[in-house]
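For reference, the structure is listed below as structure tokens.
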Amino acid sequence: MIQEIAKKLHHNQVKVNEWFNQKSTTTPPSFYCSVDIRDSGFKFAPVDCNLYPAGFNNVCATDLNAAPNLLKIQMKAVEKELKLEKVNKVLIISEEHTSNKFYLENLYFLKQIFLDAGFDTKVGWYELNENIELSTASGKTIEALPINIRGGVLAAGNFVPDLILLNNDFSSGYPKKLDPVTQPILPTHQLGWHSRQKIDHFTHYNQLVNEFSQMIDIDPWYFNIKTEIVRSVNFTENKGVDEVATKVSAMIEQLKEDYKKHGIDQEPFIFIKSNTGTYGMGIMVVRSAEELMQMNRRAKNKMSKGKNRAVIDSVIIQEGIPTVTKVEDYAAEPVIYLFGSELMGGFLRSNVQKNSEENLNAKGMTFKRLCMSDLRNLNESDDQEQIPTLEIVYGTIARLSALANGLELHQK
């Protein structure tokens with residue numbers, strides 16, 4: 001199936017590129033993002049899109065070497081969109097994970113991409129009183145500077161940036177002191193997990209899939225992902241759980257009909273996810289409403305708090321997509337990084353403790369570098385035409401997801 005879809009996309013390449021360019025012009029994607037993709041062999045869709053990606057340390061060296069050129073292209077687009085003079089100085093505002101050496105490794109490589117692209121770049125810490133030098137997981141060092149805001153100008157010591165790049169999703173709260181800052185902040189701090197909702201992203205994504213699929217005459221089912229919202233939920237108090245169970249039951253029945261129609265001999269399942277937040281927290285898998293209603297206290301507690309102990313008060317009910325991707329016999333999923341709508345790099349996330357139907361972004365996960373050149377390994381179709389199947393299909397999904405986050409930003 002994936003080869004047939006890739007062939008369709010390949011033969012419509014001019015039309016597809018024109019469509020993406022037009023959409024990227026009217027509602028530009030965020031400055032950068034990462035997209036988690038599930039490939040079941042019969043369905044291909046994103047299951048998460050992070051506006052503040054924090055895994056640049058997992059991107060392969062080949063793609064890191066190519067990234068500065070892509071970054072320069074993206075920066076020119078930003079300068080044009082925001083009517084800026086040439087950007088020379090960039091300040092990265094990071095998470096406050098001073099003890100997470102792998103996150104610091106991510107910062108090191110992110111900063112290095114900007115330096116290699118010719119931008120004077122420093123790292124600013126949101127809550128910091130003095131300069132500190134931090135050691136990454138591999139023993140590299142990175143200097144973090146305290147930020148200050150005076151008269152609407154944000155600076156880190158004497159460093160006054162032309163542009164501020166956020167690598168902080170502000171899950172724990174809205175940073176109001178950034179509101180008066182006059183320099184551009186990308187992606188906007190107003191779309192951190194204190195306000196962003198997953199239902200918005202997947203609603204936009206599915207709408208884009210319908211339009212895109214009609215354009216190239218393909219069944220949108222292969223790319224879409226059923227997603228519904230339940231608000232006012234509290235699992236520890238059993239508030240809203242009946243509504244969640246009702247929607248789980250209805251979606252299971254819909255999926256059974258879809259599977260029968262498309263000749264899929266499998267039992268469907270559902271992901272229940274916090275409507276906000278990341279780091280794989282606030283997620284559970286169920287196969288029936290009864291399973292949900294019988295969940296124990298430990299499971300309820302896991303669904304009550306997300307990242308930084310943020311309270312979970314709304315959830316999405318989402319079609320479960322198993323993964324056929326494996327790394328050394330363990331379930332895996334591709335994660336694609338983009339600058340704007342251009343593919344930048346990625347990696348494979350696998351998990352030695354999870355199966356193909358579970359959330360892999362959890363304890364036990366490991367990472368394997370996945371270069372864009374790996375995705376370009378040619379696959380022969382029936383007529384011997386050589387097509388880079390994975391790059392075309394995964395890349396299309398990632399770009400559609402990036403466009404969806406552009407629509408999210410446009411609404412703010």
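Structure values in brief
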item: The stretch 203-215 residues that are free of Cβ contacts under 8 Å to residues at least 40 places away in the same chain and in a helix (DSSP H, G or I), paired with ones that are open to solvent by less than 80 Å² (accessible area, probe 1.4 Å) and among the aromatic types (Phe, Trp, Tyr) (beta carbon under 9 Å, 6 or more apart); result: Asn206/Phe223; Glu211/Trp19; Ser213/Trp221; Ser213/Tyr222; Ser213/Phe223
item: Any hit, the stretch 270-282, residues being at pLDDT 90 or above, on the phi < 0 side of the Ramachandran plot and open to solvent by 30 Å² or more (accessible area, probe 1.4 Å); result: no
item: Lone qualifier among Leu84, Leu70 - being among the aliphatic types (A, V, I, L, M), touching a strand residue (DSSP E or B) at 6+ places or on another chain (Cβ under 9 Å) and part of a loop (DSSP other than H, G, I, E, B); result: Leu84
item: Per-region count, the stretch 167-176, residues outside any loop (DSSP other than H, G, I, E, B) and either surrounded by 13 or more Cβ atoms within 10 Å (Cβ to Cβ) or of a type in the set (A, V, I, L, M) (or both); result: 1
item: Test result for Tyr330, crowded, with 21+ Cβ neighbours inside 10 Å, of a type in the set (Phe, Trp, Tyr) and touching a strand residue (DSSP E or B) at 6+ places or on another chain (Cβ under 7 Å); result: no
item: Complete set of residues in the stretch 230-268 that are farther than 13 Å from Val315 by Cα, open to solvent by less than 40 Å² (accessible area, probe 1.4 Å) and in contact with a helix residue (DSSP H, G or I) (Cβ under 8 Å, 6 or more places away or on another chain); result: Ile252, Asp258, Ile264, Pro268
item: Of all residues in the stretch 361-387 being farther than 30 Å from Lys8 by Cα and surrounded by 13 or more Cβ atoms within 10 Å (Cβ to Cβ), the one that is modelled with the lowest pLDDT; result: Ala362
item: Yes/no for Gly151 being on the phi > 0 side of the Ramachandran plot, in contact with a strand residue (DSSP E or B) (Cβ under 7 Å, 6 or more places away or on another chain) and either β-branched (Val, Ile, Thr) or open to solvent by 10 Å² or more (accessible area, probe 1.4 Å) (or both); result: no
item: Any hit, the stretch 113-133, residues being outside any loop (DSSP other than H, G, I, E, B), open to solvent by 20 Å² or more (accessible area, probe 1.4 Å), farther than 26 Å from Ala45 by Cβ and touching a helix residue (DSSP H, G or I) at 6+ places or on another chain (Cβ under 7 Å); result: yes
item: Qualifying residue in the stretch 62-69 (condition: without any contact (Cβ under 8 Å) to a residue 60 or more places away in the chain and touching a Leu at 6+ places or on another chain (Cβ under 9 Å)); result: yes
item: Selected residue (criterion: nearest to Leu165 (Cα to Cα)) from residues of the stretch 189-202 that are open to solvent by less than 20 Å² (accessible area, probe 1.4 Å) and in a loop (DSSP other than H, G, I, E, B); result: Gly192
item: Residue that is modelled with pLDDT of 95 or more and under 23 Å from Gln411 (Cβ atoms), where the choices are Leu191, Leu208; result: Leu208
item: Residue within the stretch 110-117 that is of a type outside the set (Asp, Glu), in contact (Cβ under 8 Å) with a residue 40 or more places away in the chain and farther than 29 Å from Asn21 by Cβ present; result: yes
item: Failed criterion for Pro161 (all others in (1) open to solvent by less than 10 Å² (accessible area, probe 1.4 Å); (2) assigned to a helix (DSSP H, G or I); (3) in contact with a Lys or Arg (Cβ under 9 Å, 6 or more places away or on another chain); (4) not charged (D, E, K, R) hold); result: (2)
item: Output for the stretch 225-265, where each listed residue is in contact with a Phe, Trp or Tyr (Cβ under 7 Å, 6 or more places away or on another chain), over 19 Å from Glu290 (Cα atoms), of a type outside the set (D, E, K, R) and not in a strand (DSSP E or B); result: Ile225, His262, Ile264
item: Residue in the stretch 307-324 that is part of a helix (DSSP H, G or I) and either closer than 19 Å to Gln353 by Cα or of a type in the set (D, E, K, R) (or both) present; result: yes
item: Candidates Phe31, Phe102, Phe56, filtered to the one that is surrounded by fewer than 21 Cβ atoms within 10 Å (Cβ to Cβ) and not small (Gly, Ala, Ser); result: Phe102
item: Residue in the stretch 71-98 that is farthest from Gly118 (Cα to Cα), counting only those that are at pLDDT 95 or above and of a type in the set (S, T, N, Q); result: Gln74
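The values are calculated or read from the model by the stated rules, or taken from the named source; none is laboratory data. Remember, predicted model here, so these are calculated numbers, not experimental data. Cβ coordinates were reconstructed from backbone atoms using ideal geometry, including for glycine residues, and neighbour counts include every protein chain displayed. Areas reflect the complete protein model, heavy atoms only, side chains present, ligands, DNA and RNA absent. Shrake-Rupley method; radii C 1.70, N 1.55, O 1.52, S 1.80 Å.
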